[in-house]
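This report concerns only the one structure given below.
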Amino acid sequence: MKYILKIITVVLISVFLFQCSKQKKGESRYVTIKGSDTMLHLASSWAEHLMEANPQTDISVTGGGSGTGIAALLNGTTDICIASRKIKIKELEQAKGLGIEIKEFVVARDGIAIVVNKENPIDDLSIEQIGSIYTGMFTNWNQLGGPDKEIIVLSRESSSGTYVFFQKRVMNKKDYTPNALLMPSTSAIIQSVKQDKWAIGYVGLGYAMSASDQIKMLSVYEGSQVNPIVPSVAAVQSGEYVVARPLHIYTNGEPQGLVKTIIDFCLSEEGQKIVEETGYVPVN
């Protein structure tokens with residue numbers, strides 16, 4: 001009788017281990033990516049490629065802005081933060097207070113395109129002129145050689161990394177005009193520019209190129225620069241187009257497991273090819 005019970009026990013343990021092994025082998029692996037709307041299209045393309053190659057992998061990608069992504073990383077509600085700006089000192093101090101070690105990876109570069117309606121006769125502006133529009137010094141297109149029409153100023157919200165970068169690079173850290181309309185997403189700016197003949201906005205190069213049939217990208221020049229430069233991947237790579245910035249991934253500590261697999265892929269030759277195909281600029 002004891003011999004029979006021993007056999008039954010061994011069989012039950014074997015079945016249990018087999019089921020556990022089977023479940024572990026077939027379990028879904030889940031990672032969340034959150035942050036920059038500028039990087040949303042790029043991160044989604046990376047995720048789609050990885051999930052196609054690994055059907056049991058589930059990667060969720062959402063936007064909301066770089067600041068939102070960094071906040072999510074700090075409060076533990078995302079595995080990976082995508083950010084179109086560098087993490088701020090106060091955010092690093094907050095992370096340190098929470099016992100979080102932030103790791104940074106530059107995974108691509110991006111140009112910021114200044115966009116207007118296709119019917120707007122203006123084709124190029126200086127950085128100084130664009131800054132004056134966004135600080136409220138210029139309020140009418142006739143101040144820039146255009147028609148007597150009020151300038152409708154469109155901006156991203158303050159949680160956006162693009163908002164922060166634009167303020168620093170183009171506006172010399174001055175305040176945005178109180179008349180600026182704060183838009184919740186890049187696609188909202190493109191849609192508004194498409195509909196309003198006298199609107200102006202700024203968006204990531206990848207989005208602007210995708211919507212080139214709907215809006216017009218302005219050529220930009222700075223100071224004594226002779227020729228205005230239209231934003232393009234080549235112009236960002238060469239440094240000719242000056243309204244450009246690195247794009248980041250942030251993690252809590254050294255990447256492990258699937259998080260490491262994702263970042264390694266982003267920086268791989270195949271991942272950087274996707275960067276180029278989606279209208280961004282590779283880092284290698």
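Just so you know, all these numbers are worked out from the coordinates, no wet-lab data involved. The model shown is predicted, which means the values in this text are computed figures rather than measured ones. Note that each Cβ is placed from the backbone with ideal geometry, even for glycine, and that neighbours are counted across all protein chains shown.
Brief remarks follow.
- Backbone amide hydrogens, once placed in the peptide plane, bring GLY63 within less than 5 Å of GLY35, excluding anything fewer than 5 places away on its chain.
- For segment 62-126, the convex hull spanned by the alpha carbon atoms encloses 131 Å³ per residue.
- Fewest-first ordering of ARG109, ARG156, ARG29 by other beta carbons within 10 Å of each residue's beta carbon gives ARG29, ARG109, ARG156.
- Between segment 58-117 and segment 236-252, the Cα center-to-center distance that results, in Å: 14
- Whether segment 160-227 is rounded, prolate or oblate, judged on the alpha carbon gyration tensor where a/c under 1.5 counts as rounded: oblate
- Whole-number D in µm² s⁻¹ for the chain, Kirkwood Cα-pair radius fed into Stokes-Einstein, 10 °C, 1.306 mPa s: 76
- J(HN,Hα) series, segment 73-87, from Karplus relation 6.51 cos²θ - 1.76 cosθ + 1.60, nearest Hz, glycine and proline x: 5, 6, 9, x, 9, 9, 8, 10, 9, 9, 9, 8, 9, 6, 4
- Remark on LEU181: its backbone amide H falls under 5 Å from those of VAL153, LEU154, SER155, a criterion applied only to residues 5 or more positions apart or on other chains, H modelled at 1.01 Å from N.
- As computed over segment 51-181, the Cα convex hull volume per residue (Å³): 155
- The mean sequence distance of close C-alpha pairs (under 8 Å, at least 6 residues apart), as a share of the length of segment 80-163, puts its relative contact order at 24 percent.
- HN-Hα J in Hz across segment 105-116 - Karplus 6.51, -1.76, 1.60, θ = phi - 60°, x for Gly and Pro: 9, 8, 10, 5, 10, 9, x, 9, 8, 8, 10, 9
- Backbone HN-Hα couplings from phi across segment 150-158 [Karplus 6.51/-1.76/1.60, Hz, Gly and Pro as x]: 5, 7, 8, 8, 10, 9, 6, 6, 5
- Whichever aspartates and glutamates have a C-alpha closer than 15 Å to that of LYS194, once near sequence neighbours (fewer than 8 apart) are set aside: GLU119, ASP213
- Seen from a random direction on average, the alpha-carbon convex hull of segment 110-244 projects onto 7.3 square nanometres.
- Shape of segment 96-156, Cα gyration tensor, a/c cut at 1.5: prolate
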